[in-house]
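Computed from the coordinates by the stated procedures, all read-outs in this text should not be read as laboratory data. Model, not experiment: these values are computed from the prediction. With ideal geometry, Cβ positions are generated from the backbone for all residues, glycine too; neighbour counts draw on all protein chains shown.
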Amino acid sequence: MAVPPTDADDDFDVILAEQCRELAAGLDFGSDDSEYAFQLQLQEIANSYPLPSASCSPPPDVSAVMGDADLSGLAAAVTMEEMERYDREQCIKEFRRMREDLDRRVYDQKFAAEITSIPDDQWQEDGDNYHKPYEAGSSSSAVSEGFRIYLKGLVSEEYIQDRKVPVVGIGVAICDFKDNIILEVKKPWIDGGSVSKVEAEMQAIVQGLDAALSLDLKRVTFFFVNEACHNYITGLESHGSSKLMALVNQASVLRKKFTQCDPSLMLEDTNAVKFAFKLARDAVVAQISWPEETPFGKMQKETCSICFEDADVSEMFSVDECLHRYCYSCMKRHVEAKLHNGVLAIKCPHDGCNSEISIDSCEKFLEPNLVSIMSQRMKEASVPAPERVYCPYPNCSALMSEREVLEYSETSFIGAEQSGARKCIRCQHFFCINCRVPWHYNMSCIDYGIRNPTPEDRALKSLANENKWRQCIKCNHMVELVYGCYHITCRCGYEFCYTCGAQWKNKGPTCTCPIWDERNIIPGMRERH
């Protein structure tokens, strides 16, 4: 953060003007070396003095100080210095505003807790007169509160047009104790050399602690997911590259400026850590896109790492879990190919990535009917085959589990479990769970099947008569006798006579049909459905 303004601010303009007069003579020689030396000296003068406060005046007009001299180089330097000063002033104002908002938020939370603790009878008596206005800089400042810093340093190899380049992004999310976002930081780290994952994570820690100090926070806990960083921060490991050790030392110096500053190693699937990861990914994307003039105006372009074509940033798909990015056209082909091959859980196309692609996100590039198919297949995979129930109404055919549809039906149909009546979750129509047809009031499944045979039932019955099959009256499965006696035991456990269908009880027939035929006294029986 910039150095606070001091009493020396007023001398800045006077000293700068005097140096301008003294150095103007050097410009008379007209050499490039003299002008370059002049600019360096001017920069040193500006950096030697504290940043002026927001209320101070800008640097003096160069032409007014030096007259008609040729001051093109000096004017450029002063203009640059003026812009830098303005940017710093705006940064200070923004941090002051954020700090005041933070103090106010902490004050409101404490005040709300204080009101909640007041007994109801006391509140009814004195509530209308209870007030405690916020005052800036009061004792309720956020300095004493504990805050959380979530950090992520991301190293990624990306394609920029036809070049594969390593890119580093830093993501920082500073939150209060309830994980409400206070400050977001997403910025690139341009190192000029190769950067390891540990170095990127350590740089994120440095950036996060520095941002917390800019807000004047005193008690913080910073969270990250790299175990090696945790070892360096806690002193369990002390050897590494010079760059890494410099970052570790920098983090150690920053930690000493807090009243309390504790590290914490977290799992990657934590929501707040995922948010910091997204900030880091946004910082990466900002580095790999570029503006390009098109017939529709200037657009941001990005290279797809599958087809290597340049696509508009708005037409790049980002996988929710890992945030890998590909163009809509490539993602469409990838998902359609997986669906065609019967794959239910579709993974990110990035090599070695196991992140799953959510159904909802596919709506951006898939036709609605394919999204519906994908949703249906994933739901079928989540329900065991014996428990699957499909609505019998042709215009619905919704998939449900037996437990799901029973719980739903019991809320609107008394005795649903005993009667077999079920209510479809989607179309709200009732059907029979036993014979899987529209609900038949005051009629058994057998009677309903006899009176309302479907075309499929009629075709099956005709085929059964032709081949002399028998139907189990308990479960309706078809049975064909190949070898053996006429005593049939269905797979549902029901026993009956294959000749007439009469039930067997107590290990004996209830009919007078012959028990066997000599031509069939060979063990074996096959069921058909």
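Sorting the Cα pairs of region 289-381 by distance into bins of 10 Å, from 0 upward, gives 16, 45, 27, 10, 2 percent per bin. Quarter the surface of the alpha carbon convex hull of region 226-321 and you get the mean projected area, 9.8 square nanometres. Peptides 425-431, 352-358 ranked from most to least packed by the mean count of surrounding Cβ atoms within 10 Å: 425-431, 352-358. Note on region 412-522: Rg/Rh from C-alpha atoms, Kirkwood Rh, equals 1.07.
Taking the number of Cβ atoms within 10 Å of each Cβ as an exposure proxy, the fewest-first ranking of Asp282, Asp360 is Asp360, Asp282.
Sorting 457-465, 433-441 by their mean Cβ neighbour count within 10 Å, with the most densely packed peptide first, gives 433-441, 457-465.
In this structure the amide hydrogen of Val437, modeled in the peptide plane, comes within under 5 Å of the amide hydrogens of Cys432, none closer than 5 places in sequence on its chain. Look at the dipole of region 289-381 built from charges on Cβ: of Ser314, Leu344, Pro295, the Cα furthest out on the positive end belongs to Leu344. Sorting 371-378, 315-322 by average packing, meaning the other beta carbons within 10 Å per residue, from highest down gives 315-322, 371-378. Counting only Cβ charges, +1 for Lys and Arg and -1 for Asp and Glu, the dipole size of region 330-430 around its Cα centre is about 280 debye.
Its relative contact order, with pairs defined as Cα atoms under 8 Å and 6+ residues apart, puts region 384-529 at 14 percent. Quick note on region 144-285: its Rg to Rh ratio, both from C-alpha atoms and Rh being the Kirkwood radius, is 0.97. Pair-distance distribution of region 385-451: all C-alpha pairs, bin width 10 Å, starting at 0; shares per bin in whole percent are 22, 57, 21, 0.
Here, region 247-302 is characterised by an Rg to Rh ratio of 1.25, where Rg is the alpha-carbon radius of gyration and Rh the Kirkwood radius.
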